[in-house]
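The structure appears below as structure tokens.
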Amino acid sequence: MTKEKARARRDHLQQMRTQQKRKERRAALLMWGAGGLIIVVLVGVVGFYLVNQARQTSLDAVTSVKYDAGQHVWNAVTYKETPPVGGEHNNYWQQCAVYDKPIHSEHAVHSMEHGAVWITYRPDLPKAQVDKLKEVASSTGQQDYLLMSPFPNLPSPVVVSSWGHQLKLDNPEDPKLGAFIKRYQNGADTPEPGALCGGEDAITTTADQAPLPPEPTGQEQQPPMETLAPSPSQSQQ
């Protein structure tokens, strides 16, 4: 093989190697570009989900008021809010549970003083939506600190309340309902944290089943003594 042919062969091989490297670089760039695009898309999807989730569970619409605690009375109370979120209330609290008929607000307010959340709904709310509310009530937060009952003349189909806080909702499936329960049930504004929302002295009747209890007179039994719920360690003993 002459020198010219050998040089031509070397030049041809060098060109092939150069072309191969270019192809490899293009393939690498395409691969990294596609990977980067996928990452950008994933970040965008996750970001959209988080922003949308935050918007759906935002509690910016919650209204808040201040009420002094411990205002126990025996008479019926006229409340400013519908339903009430605090103020004077009966000496007896309502057993935290789901009720199919209205309960006395004076008992419910006392339960909220103990940390309960009260879900109220219009009596004409369709059964399917009431069932959805019951599903939320039985699966969110602490059931022993949750009240649910119909309430006439509500300003919206569903209203959820705690001591000093309230949120109006149009849809029982609104995720804000669960977010409200989680934030305000036994929340920072609970006047008597740890107090029972049940027990022997709790009221278990609805408003049509029994009137507000009368004020004790003479040697009659005195008002109930509020007790704290047992701690987890105590309840396991």
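Could you grab the pairs with beta carbons closer than 6 Å, sequence gap of 6+ or different chains, first residue in the stretch 129-158 and at positive phi, second one buried (at least 18 other Cβ atoms within 10 Å of the Cβ) and assigned to a helix (DSSP H, G or I)?
Between residues of the stretch 129-158 that are at positive phi and residues that are buried (at least 18 other Cβ atoms within 10 Å of the Cβ) and assigned to a helix (DSSP H, G or I), the close pairs are GLY141/ILE181.
In the set GLY47, GLY70, which member is within 30 Å of PHE180 (Cα to Cα), in a helix (DSSP H, G or I) and either modelled with pLDDT under 65 or not acidic (Asp, Glu) (or both)?
Just one listed residue meets the conditions, GLY47.
So which strands (runs of 3 or more DSSP E) are wholly in the stretch 114-200 and hold at least 2 residues that are within 16 Å of ALA61 (Cβ to Cβ) and out of contact with any Phe, Trp or Tyr (no Cβ under 7 Å at 6 or more places or on another chain)?
165-169
Let's see how each residue does on (1) in a helix (DSSP H, G or I); (2) modelled with pLDDT of 95 or more; (3) among the charged types (D, E, K, R):
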{"residue": "MET16", "(1), (2), (3)": "yes, no, no"}
{"residue": "GLU24", "(1), (2), (3)": "yes, no, yes"}
{"residue": "ALA27", "(1), (2), (3)": "yes, no, no"}
{"residue": "LEU30", "(1), (2), (3)": "yes, no, no"}
{"residue": "VAL51", "(1), (2), (3)": "yes, no, no"}
{"residue": "THR78", "(1), (2), (3)": "no, yes, no"}
{"residue": "GLY86", "(1), (2), (3)": "no, yes, no"}
{"residue": "LYS101", "(1), (2), (3)": "no, yes, yes"}
{"residue": "GLU106", "(1), (2), (3)": "yes, yes, yes"}
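The values are calculated or read from the model by the stated rules, or taken from the named source; none is laboratory data. Bear in mind the structure is a predicted one, so any value in this text is a computation, not a measurement. Virtual Cβ from ideal backbone geometry, glycine too; neighbours counted across all protein chains shown.
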